[in-house]
Amino acid sequence: MTTPIVYASAGVAMLCIALFGFLTARHVLRRILALNIVGSGVFMMLVALAARPDPPDPIPHALVMTGIVVGVCVTALALALLRRMFADEGSARLPEDREFG
Amino acid sequence: MTADAAALDILLAVLLVFLVWRLLTLSDLFKATILFIVFGLLLSLAWVRLRAPDVALAEAAIGSGVTGALVLDALRRLGAHGAVDEARPLRLNLARLSGGLLVACLGAILLWSVLSLPAGWRGLSAEAMAAMPHSGVTNPVTASLLNFRSHDTLLEIAVLMLAVLGVWTLDAEPKPSAEPAGPILDLLVRILLPLMVVVAGYLLWAGGHAPGGAFQGAAVLAAGGILLHLARPFYLGNHVIIRLVIGFGFAVFLAIGVMLVVGGGRFLEFPSRHAGTLILVVEAAATISIALILLALFVGNVREGAGRDAP
Amino acid sequence: MAVLDWLSMALVGAGTLFFIAGSIGLLRLPDVMTRLHALTKADNVGLGLIVLGLSLQTSGPMEVVRLLLVWALALLTSSCACYLVAHATLQARRETGHDS
């Protein structure tokens, strides 16, 4: 069975790239996108490893569905914070990232 | 496994990683958002390949659809000026270098732990399958969500409600006036909206024995609401009726749990004779509430009397 | 049976060609309008051919109906989305005076 290993490795790669992006990005919207992809990378590892037994393990599937729904909440709340910050301060970056323009 | 299936898997995996790289390095955030939506759709293909059709449905409807609509809406409110980020890659400094090294270490550890898992490792699938006859449904993912892990799902609905409260509290800006949508979008809504309601009902019903369930149905219903909002903008506000409907799913779920305790059982431990009915009741109530919650997250809250669109 | 297999192979192959043409158009054509032109037409015909090819492989008429429903919905949404994108482009041109 190589399919789960291929996808689990892709999940690790996605997680790492997105985590680095999340740490280094300045625009808050990009950070929100990166955070979503970090989640997707974790989900991919979980679901890929759940696909190894036959039939697939349903528990990680349920965990990931919970994660997807909580993820959309987190995104909506973060975007509301971003909109509020942009409306109040006119910038879409956090205060410590603004001096670079 | 045949060679062409392996080729498809590798192609899809490489494409996903490439998309992540591109959308984190593009300077135009609008393009990055479009790539993010494409990434979500390809991810749901990957879930199908990993034999997780329930997750694929949820990803396509929520992860890609609703999240994409939310991000696009936020971009529109930021305007052309707010949506530009500097080009990548950024200058390498000590903080970025050490961050990169730490992330690379994490990746190596994760990769090693994935590869070193024993091949015969079965997770909890044997236990889940053994408990299936008592769960009241035949779709193992629905059984896990609503029966084996019902505490999680109950609290998840509470988290959704908290997110709505947060958005209502923060989002007090006047809405930019939307252009009148025109006859084509109107026609699309007229045809698609009834279909979406039917599909949501079907997904809810099918969840017991096939891929589907409350979350997927609610996401389709919410997508219909978002489409309607785009064609004919409306404001939900936080009227008491809206609040009641948003709390309805959680209340029904909690009430059933308390009833089971009063009846001599344990909290949310469905007796296997009535489990199917109870799960369907909880799911139906949750579908309505989650759909309205997702719609409220998109529509947001508008200051009273400000930013009303011209008719 | 073999004739049917070859026929559906040919139809799906032809559909795939349309998709490839549409994708090349999306990547290579200069502005929004021409890209839309390439994308919607190629995709609608391409998806139609693939649906036709796949419906030769189904086990019953209900599956054919489902496949046709998928095609009809894709036709509806893609033509509406095409109109909306074109409309928004025209509006942006009117506001800024140039194509974006």
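In this structure, residue B:219 does not qualify as within 21 Å of residue B:274 (Cα to Cα) and of a type outside the set (S, T, N, Q).
The single residue among C:7, C:27, C:56 that is aliphatic (A, V, I, L, M), touching a helix residue (DSSP H, G or I) at 6+ places or on another chain (Cβ under 6 Å) and more than 29 Å from residue B:190 (Cα to Cα) turns out to be C:56. Any residue that is at pLDDT 85 or above, farther than 30 Å from residue B:199 by Cα and of a type outside the set (Lys, Arg) - is there at least one of those in segment C:35-42? Looking through segment C:35-42, at least one residue is at pLDDT 85 or above, farther than 30 Å from residue B:199 by Cα and of a type outside the set (Lys, Arg). Scanning segment C:25-34 for residues being without any contact (Cβ under 8 Å) to a residue 12 or more places away in the chain and assigned to a helix (DSSP H, G or I) gives a total of 3.
Is it the case that residue B:214 is away from chain C (no Cβ under 14 Å), closer than 22 Å to residue B:236 by Cβ and either surrounded by 14 or more Cβ atoms within 10 Å (Cβ to Cβ) or at pLDDT below 90 (or both)? It is true that residue B:214 is away from chain C (no Cβ under 14 Å), closer than 22 Å to residue B:236 by Cβ and either surrounded by 14 or more Cβ atoms within 10 Å (Cβ to Cβ) or at pLDDT below 90 (or both).
Let's see how each residue does on (1) over 18 Å from the mean Cα position of the chain (by Cα); (2) away from chain A (no Cβ under 14 Å); (3) of a type outside the set (S, T, N, Q):
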{"position": "B:155", "(1), (2), (3)": "no, no, yes"}
{"position": "B:170", "(1), (2), (3)": "yes, no, yes"}
{"position": "B:184", "(1), (2), (3)": "yes, yes, yes"}
{"position": "B:218", "(1), (2), (3)": "no, no, yes"}
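Counting only residues that are closer than 25 Å to residue B:140 by Cβ and in a loop (DSSP other than H, G, I, E, B), segment B:245-276 holds 10 of them. For segment B:101-123, the tally of residues that are at pLDDT 85 or above and buried (at least 16 other Cβ atoms within 10 Å of the Cβ) stands at 5. Among the residues of segment B:106-128, those identified as assigned to a helix (DSSP H, G or I), at the interface with another protein chain (Cβ under 7 Å from one of its Cβ atoms) and under 11 Å from residue A:53 (Cβ atoms) are B:125, B:128.
Here residue B:35 does not qualify as part of a helix (DSSP H, G or I), within 8 Å of another protein chain (Cβ to nearest Cβ) and either modelled with pLDDT of 90 or more or over 30 Å from residue B:291 (Cα atoms) (or both). Considering (1) closer than 28 Å to residue B:195 by Cβ; (2) out of contact with any Leu (no Cβ under 6 Å at 6 or more places or on another chain); (3) surrounded by 14 or more Cβ atoms within 10 Å (Cβ to Cβ), the lone condition that residue C:29 does not fulfil carries the number (1).
Residue-wise test of (1) more than 20 Å from residue B:8 (Cβ to Cβ); (2) of a type in the set (Asp, Glu); (3) at pLDDT 90 or above.
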| site | (1), (2), (3) |
| --- | --- |
| A:1 | no, no, no |
| A:8 | no, no, yes |
| A:33 | yes, no, yes |
| A:52 | no, no, no |
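Please pick out the residue among B:83, B:74, B:56 that is of a type in the set (A, V, I, L, M) and more than 27 Å from residue A:27 (Cβ to Cβ). Write out each step before concluding.
Working: B:83 fails: more than 27 Å from residue A:27 (Cβ to Cβ); B:74 fails: more than 27 Å from residue A:27 (Cβ to Cβ).
Exactly one of B:83, B:74, B:56 is of a type in the set (A, V, I, L, M) and more than 27 Å from residue A:27 (Cβ to Cβ), namely B:56.
For the residues B:96, B:91, the requirement of being more than 17 Å from the chain's Cα centre (by Cα), more than 29 Å from residue A:53 (Cα to Cα) and assigned to a helix (DSSP H, G or I) singles out B:96.
Which of the residues that make up segment B:286-311 are aliphatic (A, V, I, L, M) and either within 15 Å of the chain's Cα centre (by Cα) or at pLDDT 95 or above (or both)?
Start the filter on segment B:286-311 by keeping residues that are aliphatic (A, V, I, L, M), which leaves B:286, B:288, B:290-297, B:299, B:302, B:306, B:310.
Residues satisfying the conditions are B:286, B:288, B:290, B:291, B:292, B:293, B:294, B:295, B:296, B:297.
Picking from residues in segment B:40-87 that are closer than 23 Å to residue A:97 by Cβ and outside any helix (DSSP H, G or I), the one that is nearest to the other protein chains (Cβ to nearest Cβ) is B:85.
Matching residues to (1) farther than 21 Å from residue B:51 by Cβ; (2) among the hydroxyl-bearing types (Ser, Thr, Tyr):
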| residue | (1), (2) |
| --- | --- |
| A:15 | yes, no |
| A:18 | yes, no |
| A:24 | yes, yes |
| A:32 | yes, no |
| A:35 | yes, no |
| A:44 | no, no |
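Results for (1) more than 26 Å from residue B:64 (Cβ to Cβ); (2) loosely packed, with under 13 Cβ neighbours inside 10 Å, shown as yes or no for each residue.
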{"residue": "B:252", "(1), (2)": "yes, no"}
{"residue": "B:258", "(1), (2)": "yes, yes"}
{"residue": "B:264", "(1), (2)": "yes, yes"}
{"residue": "B:284", "(1), (2)": "no, no"}
{"residue": "B:289", "(1), (2)": "no, no"}
{"residue": "B:296", "(1), (2)": "no, no"}
{"residue": "B:299", "(1), (2)": "no, no"}
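Evaluate the following for residue B:22: is it on the phi > 0 side of the Ramachandran plot, among the basic types (Lys, Arg) and not assigned by TED's automatic domain parsing to the domain that holds residue B:227? It is false that residue B:22 is on the phi > 0 side of the Ramachandran plot, among the basic types (Lys, Arg) and not assigned by TED's automatic domain parsing to the domain that holds residue B:227.
The values are calculated or read from the model by the stated rules, or taken from the named source; none is laboratory data. Because the structure is a prediction, the values reported are computed rather than measured. Methodologically, a virtual Cβ is constructed for each residue, glycine included, from the backbone with ideal geometry; neighbour enumeration extends over all protein chains shown.
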